[in-house]
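*Asks:* Can you read through this structure? Questions will come right after.
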Amino acid sequence: MSSMHVLWTPSWYPSPDQPFDGSFFAEQATMLRGTGVKVGVIALKPRSVWQRPRRRSIDTHVIRAGMAQVPKGALPGDDAIIRGKARSLARAYERRWGIPDIVHAHSVFPGILLARHLAARWQVPYGLTEHRPSTLNRPSRPRFAAIEKAVDGTDFRAAVSTPFAEQLAASYGKPFDVISLPVPDSFFAEPIPRTPGKPLTFVHVSHLDANKRVLQLIDAFARAHRTDPSIRLRIIGGTPERVEGARERAQHAGVGQAVDFLGTIDREKIAPAMAQGDCFVLTSAKEAGGTVFSEAQSLGLPCIASATWAGRHSVVPSAGTVVPIDDEDALVAAFAMMSEGIRAGTYPRQAIRNRARQRFSAQAFTTRQIKIYESALNTHG
């Protein structure tokens, strides 16, 4: 249905001052537009009551606006504020792009509340893709009662990994589909290096926050390095302060010369920087979808993942291994096992890329997403 008009209401979205905040939403919208689907975005950003709300702005496909939120949703008000915002935002959207056929929220707050009010105004179906595990923890407060009502009225629901979808279905009492997080075609186009004899390099990419367990990763790598001194670790991302803390940890663990820190790099440089490695490793405490696992496999990299929802969903045995969360001994063993397997040719990179194309490519994503839209449009009302 190339003439389909979809409006997204993501709960966060990139902006000129925060270009990496939900950049994958912008990439996914671009993928859908490439199939002929018209995709608009209304990005409503919550702010604390003492912060100045974002002024409304409009660009080629996106309306951005801010809203004051009730602290922790403890008192009534969030849904009423969003309902009022929906009226003015709907008028602005209609004037510029017309009325969409379907509204698609990404994460429940504020996305699903905004989507519900917009869909009611236009009498069109709406649905949800959930990305945040925190939606499973809903205290008895007015905000979360409104969210449950909004989810109950959806025409479609999806999650970004199979284990997450199962948890959401049990929590909300509604079935959830699965839409794996996709990768831009540029990752699949990145050449797979042919550099035999170079040091075997493990690659990690994240913001280096506590959830990603980077310090624990360095400790486990140091133990593995004592057994196999030829391996290296490359760490991409993080603020200067976090990079410095991780660098100090590597020095203290005795592997300062074996760990490279690239810091935060431009988006277009991430694929070639990752591709130079031999194995991707991310052992977070929590991870719902894990776009970076899709990116790594699109480059042909086998992965070491912790048993988060994302890890269990994304990393199959032919593309790596999954270890228990916060199990350093298991991670040390995984470093050794993957090193041996990579050297033995157990994880051919082209085969990993081919499987990733079937699961995580833009074509796989858009085919699945459009099918869900069409089903909702056919059954609505």
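*Asks:* Scan the stretch 60-83 for residues that are open to solvent by 30 Å² or more (accessible area, probe 1.4 Å), out of contact with any His (no Cβ under 7 Å at 6 or more places or on another chain) and part of a helix (DSSP H, G or I) and jot them down.
*Replies:* Answer for the stretch 60-83, where residues must be open to solvent by 30 Å² or more (accessible area, probe 1.4 Å), out of contact with any His (no Cβ under 7 Å at 6 or more places or on another chain) and part of a helix (DSSP H, G or I): Pro71, Lys72, Asp79, Ala80, Ile81.
*Asks:* OK, next. On the given criteria, is Ala105 under 15 Å from Val41 (Cβ atoms) and surrounded by 22 or more Cβ atoms within 10 Å (Cβ to Cβ)?
*Replies:* yes
*Asks:* Within the stretch 165-202, track down each residue that is in contact (Cβ under 8 Å) with a residue 24 or more places away in the chain, open to solvent by less than 30 Å² (accessible area, probe 1.4 Å) and not aromatic (Phe, Trp, Tyr).
*Replies:* Scanning the stretch 165-202 gives Leu168, Ile179, Ser180, Leu181, Pro182, Val183, Pro184, Leu200, Thr201.
*Asks:* For Ser134, work out the one condition from (1) buried (at least 24 other Cβ atoms within 10 Å of the Cβ); (2) hydroxyl-bearing (Ser, Thr, Tyr); (3) over 19 Å from Phe156 (Cβ atoms) it doesn't fulfil.
*Replies:* Condition not satisfied by Ser134: (1).
*Asks:* Looking only at residues that are in contact (Cβ under 8 Å) with a residue 40 or more places away in the chain and open to solvent by 30 Å² or more (accessible area, probe 1.4 Å) in the stretch 31-44, which one is nearest to Leu118 (Cα to Cα)?
*Replies:* Out of the qualifying residues, it is Lys38.
*Asks:* When both residues are 6+ apart or on different chains and their Cβ atoms are under 7 Å apart, which pairs have a first residue that lies in the stretch 1-29 and is at negative phi, and a second that is open to solvent by 40 Å² or more (accessible area, probe 1.4 Å) and of a type in the set (A, V, I, L, M, F, W, C)?
*Replies:* From residues that are at negative phi, the pairs are Pro14/Phe20; Asp21/Trp12.
*Asks:* Could I ask something else about it? Going through the stretch 247-256 one residue at a time, which ones are in a loop (DSSP other than H, G, I, E, B) and surrounded by fewer than 14 Cβ atoms within 10 Å (Cβ to Cβ)?
*Replies:* Gly254
*Asks:* Which residue out of Thr162, Thr135, Thr129, Thr154 is closer than 25 Å to Val6 by Cα and without any contact (Cβ under 8 Å) to a residue 40 or more places away in the chain?
*Replies:* Thr135
*Asks:* What is the one condition in (1) modelled with pLDDT of 95 or more; (2) out of contact with any Cys (no Cβ under 6 Å at 6 or more places or on another chain) that Val315 does not satisfy?
*Replies:* The single condition Val315 does not satisfy is (2).
*Asks:* I need the helices (runs of 4 or more DSSP H) fully contained in the stretch 285-363, keeping only those with at least 2 residues that are surrounded by fewer than 17 Cβ atoms within 10 Å (Cβ to Cβ) and acidic (Asp, Glu).
*Replies:* Where helices (runs of 4 or more DSSP H) fall fully within the stretch 285-363 and carry at least 2 residues being surrounded by fewer than 17 Cβ atoms within 10 Å (Cβ to Cβ) and acidic (Asp, Glu), they are 328-343.
*Asks:* Restricting attention to the stretch 257-268, which residues are open to solvent by 20 Å² or more (accessible area, probe 1.4 Å), modelled with pLDDT of 95 or more and part of a helix (DSSP H, G or I)?
*Replies:* Result: Gln257, single match.
*Asks:* Okay, moving on. Look through Ile99, Ile58 and report the one residue that is under 26 Å from Ala376 (Cβ atoms) and not acidic (Asp, Glu).
*Replies:* Sole residue among the options that is under 26 Å from Ala376 (Cβ atoms) and not acidic (Asp, Glu): Ile99.
*Asks:* Can you confirm whether Arg141 is closer than 24 Å to Phe25 by Cα, open to solvent by 20 Å² or more (accessible area, probe 1.4 Å) and either in contact with a Ser or Thr (Cβ under 6 Å, 6 or more places away or on another chain) or at pLDDT 90 or above (or both)?
*Replies:* On the way: closer than 24 Å to Phe25 by Cα: no; open to solvent by 20 Å² or more (accessible area, probe 1.4 Å): yes; either in contact with a Ser or Thr (Cβ under 6 Å, 6 or more places away or on another chain) or at pLDDT 90 or above (or both): yes.
So Arg141 fails the test.
*Asks:* Can I ask one more? Could you grab me the full set of residues in the stretch 288-313 that are of a type outside the set (Val, Ile, Thr), more than 19 Å from Gly277 (Cα to Cα) and out of contact with any strand residue (DSSP E or B) (no Cβ under 7 Å at 6 or more places or on another chain)?
*Replies:* Ala288, Gly289, Trp309, Ala310, His313
*Asks:* Just the residues that are in contact with a His (Cβ under 9 Å, 6 or more places away or on another chain) and of a type outside the set (A, V, I, L, M), please, taken from the stretch 31-51.
*Replies:* Arg33, Lys38, Gly40
*Asks:* Quick one: would you say Glu241 is outside any loop (DSSP other than H, G, I, E, B) and free of Cβ contacts under 8 Å to residues at least 40 places away in the same chain?
*Replies:* Yes, satisfied.
*Asks:* Here are Ala330, Ala344, Ala296: which of them is among the hydrophobic types (A, V, I, L, M, F, W, C) and in contact (Cβ under 8 Å) with a residue 40 or more places away in the chain?
*Replies:* Ala296
The values are calculated or read from the model by the stated rules, or taken from the named source; none is laboratory data. Being a predicted model, the structure only gives us computed values, none of them experimental. When we count neighbours, we look across all protein chains shown, and the Cβ atoms used for this are built from the backbone with ideal geometry, even at glycine. To get the accessible areas, we keep the full protein, side chains included, count just its heavy atoms, and leave off ligands, DNA and RNA. Shrake-Rupley method; radii C 1.70, N 1.55, O 1.52, S 1.80 Å.
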